[in-house]
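**Student:** Next up is a structure, given as structure tokens.
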Ligand code: ATP
């Protein structure tokens, strides 16, 4: 079965091919500058902190040893106040830069991933679980916040800040500097030990979350089917099991995060304690000046702080990293169609389509779905395509829609290969009326206008009239302004189908693909839709995928596909007269059996 491609999707088809491998930084080159700017602000904050602690140690030493008057220490106090103010300002600036930058990153990334999904097209996306994709685009991108604004800068700061502090402490007190140098590697070592399993756990938790989202979407969309088969209770138990599996994954991830956090805090407290004891002993033995000892003692927590903060940011950072990996994977998914920037020639007038030795094999399949297809769709005629289920009818139509490219051979339009046209240009020539049209959660007017956003209200009303939809739309309480649910749940199948036909009228494309548009309709709707389709088909080249005998009445030629190969091309009457298909008038609505 085919799906509709919205003009919005067509409009964003890019004419350029993506490079071989994309990373988050390659996708957004300014992301590097953003992280660098955040780092620069944070390093300035560290320098101010060092200065602040130096002034504090000097002030405390003066107060305790020399009992000065206020005027003696006032300059020190003002300096200290100035550094405190500068510290607050810079910390705020760093936070604002990081937050604003990440908000932009998230918005740009969402657009890029969405644009890439559109470029990948229905043929690639139909192999993905919709709920998982929706979770990645929503929650997954939100999770990048902690990864980009906290975790990534913290990774660099946890190396640079301790190094900076060591450089400052060395000239003041060699012994303390050596002690800091010796204790520092214990923390990253510990993080590395729990790191790999924490990362694995977080990845598993993310996979469990997206699976759960995908399953919920499945269950909500399939609610009528579940009710029909009395599977409500069983499904409830399955949902409970999936939720429980997610809870367990989250708990084990959090357990690991809390455990490593507690061990980290303990190690840091021990290391600071060790420095303090050493300084105390040397102070008693007059081995170090009070101001130097105070300065080093105040600096010691600052030395370990970035590593502790890295530990604290690690859990949410790893969550962001897991979703970043999935986003990068989507961005790197190869395109099934190669686009060209501009057309050498644009076909005009009515279209003749020809398939020349076309062959196609789906990426995961070993056998070709279509083989050696030689077929012409003459201009302004309706060609019916029939064949057993799985014969390759939809695949042939998908190639014509350029959801994917022919493996071998080519399709031409008035002698020009369709691959010589940019995809967005080619799709302006094609309208599709699928078996089950997709209606968006929007007004009827907006749903029809999708086919041509520039259309006036009058043109939309005219298209609805030609599609036989005007009468029922006008009977709705809010007419064209009536909201229809996701997938058109507030309309009957026949009404939704007529909205799809109105779209095709509005698009006014010279090539029309009809995928058995009356298959799920009652006789009354079927008649209305059939009349509308007959009007729509006039003066256009039509490929009609037919599953039912009475659909053939509209066609002037019939083409039979068998296991991916064309076995017959002829007139519908001659084909119907054959022994293979015997129909009594009462059976004309029945499925075609070959
Ligand atoms: P139906 O009348 O039931 O809609 P069809 O004649 O339109 O069937 P296609 O949908 O073109 O048949 O499928 C032809 C073959 O290609 C089938 O064997 C099907 O399993 C396979 N196929 C279809 N889509 C894919 C896909 N996305 N990936 C792999 N194989 C696919």
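Taken together, the values in this text are just the output of simple stated rules run on the coordinates, not laboratory data. A quick note: this is a predicted structure, and the numbers were derived from the prediction, not measured. Neighbour counts run over all protein chains shown; Cβ positions are idealised from the backbone, glycine included.
**Student:** Mind checking the full-extension length gain between residue 238 and residue 456? Use 0.36 nm per residue of separation minus the Cα-Cα distance, one decimal, nm.
**Tutor:** Answer, rounded to one decimal: 73.6 nm.
**Student:** Tell me whether segment 23-137 comes out rounded, prolate or oblate; compute the Cα gyration tensor, take square roots of the eigenvalues as a ≥ b ≥ c, and use a/c under 1.5 as the rounded threshold.
**Tutor:** Taking the square roots of the gyration eigenvalues as a ≥ b ≥ c, segment 23-137 is prolate.
**Student:** Using Cα centres only, tell me the gap between segment 138-180 and segment 219-264 in whole Å.
**Tutor:** Centre-to-centre distance over Cα atoms comes out at 37 Å.
**Student:** Please work out the FRET efficiency for the pair residue 130 and residue 270, using the Cβ-Cβ distance as r and a Förster radius of 35 Å; give the result to the nearest 0.05.
**Tutor:** For R0 = 35 Å, the calculated efficiency reads 0.10.
**Student:** Restricting to Cα pairs below 8 Å that are 6+ residues apart, what does the relative contact order work out to for the chain? Please round to a whole percent.
**Tutor:** 17
**Student:** If we restrict to alpha carbons, what Rg and Dmax does the chain come to, in Å?
**Tutor:** According to the Cα coordinates of the chain, Rg and Dmax are 34.2, 117 Å.
**Student:** Here is a follow-up. Ratio of alpha-carbon Rg to the 2.2 N^0.38 Å globular estimate for segment 129-285, to two decimals, please.
**Tutor:** Rg over 2.2 N^0.38 Å, computed on Cα atoms: 1.61.
**Student:** So what's the gap between the Cα centers of segment 413-465 and segment 50-67, to the nearest angstrom?
**Tutor:** Taking the Cα centre of each part, segment 413-465 and segment 50-67 sit 76 Å apart.
**Student:** Relative to the first principal axis of the alpha-carbon coordinates of the chain, what is the inclination of helix 152-172, with its axis defined by its Cα atoms, in degrees from 0 to 90 and to the nearest 10?
**Tutor:** The two axes meet at around 10 degrees.
**Student:** With each pseudo-label sitting 7 Å past Cα toward Cβ, what's the residue 309-residue 99 distance in nm, one decimal?
**Tutor:** Those two pseudo-labels are separated by 1.6 nm.
**Student:** So for segment 240-387, what are the equivalent ellipsoid semi-axes in whole Å, largest first, each being the square root of 5 times an eigenvalue of the Cα gyration tensor?
**Tutor:** One finds semi-axes of 72, 22, 12 Å for segment 240-387.
**Student:** Rounded to the nearest 5, what is the percent of antiparallel bridges among the DSSP beta bridges in the chain?
**Tutor:** Once the DSSP bridges in the chain are tallied, antiparallel ones form about 55 percent.
**Student:** Jot down the per residue volume, in cubic angstrom and as a whole number, of the convex hull over the alpha-carbon atoms of segment 173-215.
**Tutor:** Given the Cα convex hull of segment 173-215, per-residue volume reads 50 Å³.
**Student:** Right, another one. Gain in length, residue 414 to residue 367, computed as 0.36 nm per residue apart minus the alpha-carbon separation, to one decimal in nm?
**Tutor:** Length gained between residue 414 and residue 367: 13.9 nm.
**Student:** Rounded to the nearest 0.05, what FRET efficiency is calculated for residue 79 and residue 114 with R0 set to 45 Å and r the Cβ-Cβ distance?
**Tutor:** It comes out at approximately 0.30.
**Student:** Continuing with this model, one more query. How long is the gain from residue 175 to residue 247 if the chain were fully straight, where each residue apart is worth 0.36 nm and the alpha carbon distance is subtracted?
**Tutor:** Contour length minus Cα-Cα distance gives 21.1 nm.
**Student:** Hey, for a label at residue 283 modelled as a point 7 Å past Cα toward Cβ, could you say which residues of segment 52-81 have their backbone N under 11 Å away?
**Tutor:** What the label zone holds, given the 11 Å backbone N cut-off, is 61.
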